[in-house]
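S.K.: I'd like to ask you about the structure that follows.
The values are calculated or read from the model by the stated rules, or taken from the named source; none is laboratory data. Please read all numbers here as calculations on a predicted model, not as lab measurements. FYI the Cβ positions are ideal-geometry reconstructions off the backbone, even for glycines, and counts take in every protein chain you see. The protein model used for the area step is the full one, side chains on, heavy atoms only, and it has no ligands, DNA or RNA in it. Shrake-Rupley method; radii C 1.70, N 1.55, O 1.52, S 1.80 Å.
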Amino acid sequence: MKEQVSTLVSEARQLLKANQFSSAVAKAQKILELDSEHREGLYLLAVSQRYLNQIELALETLKVLQHHHA
């Protein structure tokens, strides 16, 4: 599972760099299906949501990140 998550994280990062934010959200959600508290998965989701102008969702995601990793 750890290797699968690592691959998904790399793919999500590449999607962000390519400005494919909707696809990056989907990839981050797959990460979180495998590990709901995954730090980078939550961060990548929040960043992608922000670029999609989903500010409230991004803030909620950041709250979850802070709750699990503060």
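S.K.: When you scan segment 20-70 for helices (runs of 4 or more DSSP H) that lie fully inside it, which ones turn up with 1 or more residues that are under 14 Å from LEU8 (Cβ atoms) and of a type in the set (Gly, Ala, Ser)?
M.R.: Ranges flagged: 21-34, 39-51.
S.K.: Same structure, new question: Go through (1) of a type outside the set (Lys, Arg); (2) under 12 Å from the mean Cα position of the chain (by Cα); (3) within 21 Å of MET1 (Cα to Cα) for ALA46 and report which single condition fails.
M.R.: (3) is the only condition that ALA46 fails.
S.K.: Sort out which residues of segment 19-46 are closer than 20 Å to ALA70 by Cβ, out of contact with any His (no Cβ under 7 Å at 6 or more places or on another chain) and surrounded by fewer than 19 Cβ atoms within 10 Å (Cβ to Cβ), and write them in order of number.
M.R.: Residues satisfying the conditions are ASP35, SER36, GLU40, TYR43.
S.K.: List pairs: first in segment 55-70 and open to solvent by less than 100 Å² (accessible area, probe 1.4 Å), second of a type in the set (Asp, Glu), Cβ under 6 Å, 6+ apart or cross-chain?
M.R.: HIS68/GLU37
S.K.: Are any residues in segment 1-18 at pLDDT 95 or above and open to solvent by 50 Å² or more (accessible area, probe 1.4 Å), and if so, which ones? Talk me through it step by step, then tell me what you get.
M.R.: Taking segment 1-18 and keeping what is at pLDDT 95 or above, we get 4-18.
Hits for segment 1-18 are GLN4, SER6, THR7, SER10, GLU11, ARG13, GLN14, LYS17, ALA18.
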